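What follows draws every value from the coordinates through simple rules; no lab data is involved. Predicted model only: the values in this text are computed from it and were never measured. For neighbour counting, all protein chains shown are included, and Cβ atoms are generated from backbone atoms with ideal geometry for every residue, glycine included.
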Amino acid sequence: MTEEKDGKQGKDVWDKLQIIFHPLNGLLTAVAVALLGYYTSSVLRSNEEATTKQRVYTELTSSREQADSALRKDMFLSIIDTFQRPGSESLEAKMLNLELLTYNFHDSLNLKPLFAHMARLIEASPNPTEKTQYRTRLKQMGRDIATRQLVLLEQVGKKFSRSIDFEMLEKEGILELMPETLSLNGKQREFLLSVLGFNAQTREIRIEMGVRTPQESSAMQLRKFQIGDFDFPMIDNTRLSSDQRAAVVITQSGDSSAEVTLVYFPGSYASLKEKISYDEVIEQFRNQQ
């Protein structure tokens, strides 16, 4: 009898607890569903706001780029037109237009022909004082752009410098400079510069550059070219394998000597006209797999 009584009391306790907690379970479930719905709507609202901000930013950036491209296009056409009109502009106006063109488009256009054209106009000037002033101004402009591009390429690539003695070059005929080995993005190359000649009138140096890549071949890739004050590394460079470039720039020049710098950099920093080939794109995809 006592056991039956204890069992009945225990059952009554559980029944009471069940009666108490049954509505509480429903309340807790409702609260959980409400919290989940609030959290979900908050996340969706936050994602929608972020998407809207990104879309607005993209549209503003695109509009700004289009406006900038249109402005640069109009500026380019206006400046180029002054060089095409025969004898309609003064030497000062042509120099100013060349400066505007150079400082705004030096990374996308090969401006060396315009520099050479301006140099011929300066030499044809009958005023000796004016000739000296414009010659110095033109040379300084070319040196500024070459230095500006070189500083940028040094940050993403590698470089080395060599000095050239013009007297020794004249005696020996060919001056071989000390070779240098540079590594960039896992690619090691040996560079050898040979000075073949110097034109004192145009201040141009004739160079033969040899490039050997031991990982690919023992052969030396050779290229001959001339460098002067109007050669810029982002434009005037040599295409190498694995979408890489090498360029030689005159950094200092005097009557008896000069200093040249070779910069070795990724092809993505070359001018806009130097696009990567499809074969190099496929090779990069294969290397990433």
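Values as computed for the structure displayed
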{"read-out": "HN-Hα J in Hz across region 243-258 - Karplus 6.51, -1.76, 1.60, θ = phi - 60°, x for Gly and Pro", "value": "6, 10, 9, 9, 9, 10, 10, 7, 9, 9, 8, x, 6, 10, 7, 8"}
{"read-out": "Highest to lowest packing among 252-259, 93-100, scored as the average C-beta count within 10 Å", "value": "93-100, 252-259"}
{"read-out": "P(r), alpha carbons of region 89-225 - 5 Å bins starting at zero, rounded %", "value": "2, 8, 14, 15, 15, 16, 13, 9, 5, 2, 1, 0"}
{"read-out": "Viscosity 1.002 mPa s, temperature 20 °C, Stokes-Einstein D of region 158-288 from Kirkwood C-alpha radius, µm²/s", "value": "137 µm²/s"}
{"read-out": "Sequence-distant residues sharing a close amide H with E204 (under 5 Å, placed H)", "value": "N199"}
{"read-out": "5 angstrom amide H check on L240, placed H, neighbours 5+ away", "value": "R245, A246"}
{"read-out": "Size of charge dipole - region 158-288 - debye, nearest 20, with Cβ of Lys, Arg +1 and Asp, Glu -1, no other charges", "value": "460 debye"}
{"read-out": "Residue-wise HN-Hα coupling along region 215-223, computed from phi with Karplus coefficients 6.51, -1.76, 1.60 (Hz; x: Gly, Pro)", "value": "5, 10, 6, 8, 6, 9, 7, 10, 8"}
{"read-out": "Hz values of 3J(HN,Hα) by residue in region 40-55 - Karplus curve (6.51, -1.76, 1.60), Gly and Pro given as x", "value": "5, 5, 5, 5, 5, 5, 5, 5, 5, 5, 5, 5, 5, 4, 5, 5"}
{"read-out": "Region 105-132-region 195-259 distance, computed between alpha-carbon centres (Å)", "value": "23 Å"}
